[in-house]
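Asks: Before anything else, here's the structure in question.
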Amino acid sequence: MTQLPPNQRLASQHRWPVVGEQTPLLSSDRWTLTLTGLVCPGRTWSLDELRSLPQANLLIDVHCVTRWSKLQMPFSGVRLNDLLEECEVDAAVEFVSFASRSTRSHTSSLRWDFVRSNDLLIAFAANYQPLSTEHGGPLRLVVPGKYFYKSVKWVTEVAFLQRDQLGYWEAEAGYHNNADPWREERFLASTLCKQETERLLAAKDFASLDLRGIDGAGRSLAGLRAAKALLRNADFSNADLVGADFSSANLSGARFRNANLTSANFRGADLEGADFSGANLSAADLRNASLFGATFTDSDGHLGAVFDADTKLSRRSVETLGDQQQAWLAQQVYSQVESP
Ligand SMILES: Nc1nc2c(c(=O)[nH]1)N[C@H]1C(S)=C(S)[C@@H](COP(=O)(O)O)O[C@H]1N2
Ligand SMILES: [Mo]
């Protein structure tokens, strides 16, 4: 049986969330896949040429950094290593960078060692259907064994490099460059030193600061000011956060297990993949927060968050939750969900 990496949950069977860019660059140029850098540079395939090559059908476990997974998902396309068979890769190559045909020329990169020893797929299809545009059609990279942000949608260029070129999420959002889901390499560790962390926790003012991964577990932080703070992957398990202001903060992947969040303000916050299991959300305000992959209860339904008649939720944010979480939530707070 395939297993889930730590702190991942299964997305419901019929749901495949769209994450990141939704559309490729509109262009009338025909689609090509090109190799550049220190390997038969300029070698280019059209879509038809790629389709006429031997196709591989692989079952790949998809693990999104926002904590949803889909196991054994069928993808088909051409193995990158098959394309490279006729190419001599220069001995100096250490990294491979993949670029998208998208408005921001989205990229991600991997170590060449990893690429050559794994079955990376240049995929045309998922679930036995051609890839939809939003999921990277006509052509996307699918990388087994890494968080899904390495699987670049609308892939058009593969560059073989001596030095790494940090990808878009890795450079802009602090995503971990190695992305191993089994080691939970989601985001770069915080660069805060211990003294600075203590000073900030005592001042209880995080507003607009970049404090990714800060450890506030078990701390007394009632009234914390954290509007617009960057708190991705922060740990607030068991913390006292009564009346805290997290409005418009980025809290993706943050942990609030068993925290006291009475009257806390999360309006407009990014709570993707945040864990609220066992937290007290009485009178908390979660309107217009993004709850993609967020959890309010353990998968066995135990350790549920506590809601009361004053907890505020909006339909828009509830709809971003997975089915299981939505169903659980509906039983708790049906009457508190504000109509659109
Ligand atoms: N071009 C491009 N590729 C991308 C992204 C993106 O924003 N742009 N996001 C990445 C992230 S973070 C994830 S989780 C997956 C999402 O793929 P999906 O939308 O098909 O689920 O695509 C990855 N590839
Ligand atoms: Mo992702």
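The values are calculated or read from the model by the stated rules, or taken from the named source; none is laboratory data. Just so it is clear, the structure is predicted and the values come from calculations on it, not from any experiment. Heads up, the Cβs are rebuilt from the backbone with ideal geometry, glycines too, and the neighbour counts pull from every protein chain shown.
Asks: Which ones in segment 218-237 are free of Cβ contacts under 8 Å to residues at least 40 places away in the same chain and either in contact with a His (Cβ under 8 Å, 6 or more places away or on another chain) or closer than 21 Å to Gly293 by Cα (or both)? Show your work before the answer.
Replies: Just the residues of segment 218-237 that are free of Cβ contacts under 8 Å to residues at least 40 places away in the same chain, to begin with: 218-231, 234-237.
Passing the criteria: Lys228, Ala229, Leu230, Leu231, Ala234, Asp235, Phe236, Ser237.
Asks: Can you tell me which residues in segment 11-30 are touching a strand residue (DSSP E or B) at 6+ places or on another chain (Cβ under 7 Å), more than 16 Å from ligand 2 (Cβ to nearest atom) and of a type in the set (A, V, I, L, M, F, W, C)?
Replies: Selection gives nothing.
Asks: Inspect segment 70-80 for any residue being in a strand (DSSP E or B), of a type in the set (Lys, Arg) and within 14 Å of ligand 2 (Cβ to nearest atom) and give the result as yes or no. Let's see the steps before the verdict.
Replies: Start the filter on segment 70-80 by keeping residues that are in a strand (DSSP E or B), which leaves 70-79.
Those left that are additionally of a type in the set (Lys, Arg): 70, 79.
With within 14 Å of ligand 2 (Cβ to nearest atom) added as a condition, the list becomes 70.
Within segment 70-80, one or more residues are in a strand (DSSP E or B), of a type in the set (Lys, Arg) and within 14 Å of ligand 2 (Cβ to nearest atom).
Asks: While we're here: Looking only at residues that are in contact with a helix residue (DSSP H, G or I) (Cβ under 8 Å, 6 or more places away or on another chain) and aliphatic (A, V, I, L, M) in segment 272-301, which one is farthest from Trp68 (Cα to Cα)?
Replies: Residues of segment 272-301 that are in contact with a helix residue (DSSP H, G or I) (Cβ under 8 Å, 6 or more places away or on another chain), as a first pass: 286-291, 294-297, 299, 301.
Of the ones still in play, those that are also aliphatic (A, V, I, L, M) are 286, 289, 291, 294.
Details: Leu286: 21, Ala289: 18, Leu291: 12, Ala294: 9 Å.
So, considering only residues that are in contact with a helix residue (DSSP H, G or I) (Cβ under 8 Å, 6 or more places away or on another chain) and aliphatic (A, V, I, L, M), the one farthest from Trp68 (Cα to Cα) is Leu286.
Asks: A follow-up question, please. Between a residue in segment 19-34 that is within 14 Å of ligand 1 (Cβ to nearest atom) and any residue that is of a type in the set (Val, Ile, Thr), which pairs come within a Cβ distance under 6 Å, given they are 6 or more apart or on different chains?
Replies: Leu25/Thr103
Asks: Do any residues in segment 249-263 that are on the phi > 0 side of the Ramachandran plot and crowded, with 24+ Cβ neighbours inside 10 Å have Cβ atoms under 9 Å from those of residues that are part of a loop (DSSP other than H, G, I, E, B) and of a type in the set (Asp, Glu), where the two are at least six apart or on different chains, and which pairs are they?
Replies: Gly253/Glu272
Asks: Go through (1) in contact with a Lys or Arg (Cβ under 6 Å, 6 or more places away or on another chain); (2) not in a loop (DSSP other than H, G, I, E, B) one by one and return the number of the condition Leu25 breaks.
Replies: Among (1) in contact with a Lys or Arg (Cβ under 6 Å, 6 or more places away or on another chain); (2) not in a loop (DSSP other than H, G, I, E, B), Leu25 violates only (2).
Asks: Then there's this: With respect to Glu85, determine if the residue is at pLDDT below 95, outside any strand (DSSP E or B) and surrounded by fewer than 23 Cβ atoms within 10 Å (Cβ to Cβ).
Replies: On the way: at pLDDT below 95: yes; outside any strand (DSSP E or B): yes; surrounded by fewer than 23 Cβ atoms within 10 Å (Cβ to Cβ): yes.
Yes.
Asks: Within segment 107-130, how many residues turn out to be surrounded by fewer than 22 Cβ atoms within 10 Å (Cβ to Cβ) and assigned to a loop (DSSP other than H, G, I, E, B)?
Replies: 5
Asks: Name the single residue that is surrounded by the fewest Cβ atoms within 10 Å (Cβ to Cβ) among those in segment 44-69 being not in a strand (DSSP E or B) and not hydrophobic (A, V, I, L, M, F, W, C).
Replies: Restricting attention to segment 44-69, the residues satisfying the condition of being not in a strand (DSSP E or B) are 47-55, 64-67.
Restricting the remaining residues to those that are not hydrophobic (A, V, I, L, M, F, W, C) gives 48-49, 51-52, 54-55, 66-67.
On the way: Asp48: 9, Glu49: 12, Arg51: 13, Ser52: 11, Pro54: 7, Gln55: 16, Thr66: 23, Arg67: 25.
Across segment 44-69, the extreme among qualifying residues is Pro54.
Asks: For segment 188-201, indicate whether the set of residues that are exposed (fewer than 15 other Cβ atoms within 10 Å of the Cβ), more than 15 Å from ligand 2 (Cβ to nearest atom), within 26 Å of the chain's Cα centre (by Cα) and under 30 Å from Val89 (Cβ atoms) is non-empty.
Replies: No, segment 188-201 has no match at all.
Asks: Just the residues that are more than 16 Å from Ser105 (Cα to Cα) and either among the charged types (D, E, K, R) or more than 10 Å from ligand 1 (Cβ to nearest atom) (or both), please, taken from segment 163-178.
Replies: Selection gives Arg163, Asp164, Gly174, His176, Asn177, Asn178.
Asks: Continuing with this model, one more query. Considering only residues of segment 157-170 that are more than 16 Å from ligand 2 (Cβ to nearest atom) and buried (at least 21 other Cβ atoms within 10 Å of the Cβ), which is farthest from Arg101 (Cα to Cα)?
Replies: The qualifying residue farthest from Arg101 (Cα to Cα) is Phe160.
Asks: In the set Ser105, Ser109, Ser100, which member is closer than 22 Å to Val39 by Cβ, within 8 Å of ligand 1 (Cβ to nearest atom) and under 21 Å from the mean Cα position of the chain (by Cα)?
Replies: So the residue among Ser105, Ser109, Ser100 that is closer than 22 Å to Val39 by Cβ, within 8 Å of ligand 1 (Cβ to nearest atom) and under 21 Å from the mean Cα position of the chain (by Cα) is Ser100.
Asks: OK, next. May I ask you to verify whether Ala91 is surrounded by fewer than 20 Cβ atoms within 10 Å (Cβ to Cβ), in a strand (DSSP E or B), of a type outside the set (S, T, N, Q) and without any contact (Cβ under 8 Å) to a residue 60 or more places away in the chain? Lay out the reasoning, then the answer.
Replies: On the way: surrounded by fewer than 20 Cβ atoms within 10 Å (Cβ to Cβ): yes; in a strand (DSSP E or B): no; of a type outside the set (S, T, N, Q): yes; without any contact (Cβ under 8 Å) to a residue 60 or more places away in the chain: yes.
Against the criterion (surrounded by fewer than 20 Cβ atoms within 10 Å (Cβ to Cβ), in a strand (DSSP E or B), of a type outside the set (S, T, N, Q) and without any contact (Cβ under 8 Å) to a residue 60 or more places away in the chain), Ala91 does not qualify.
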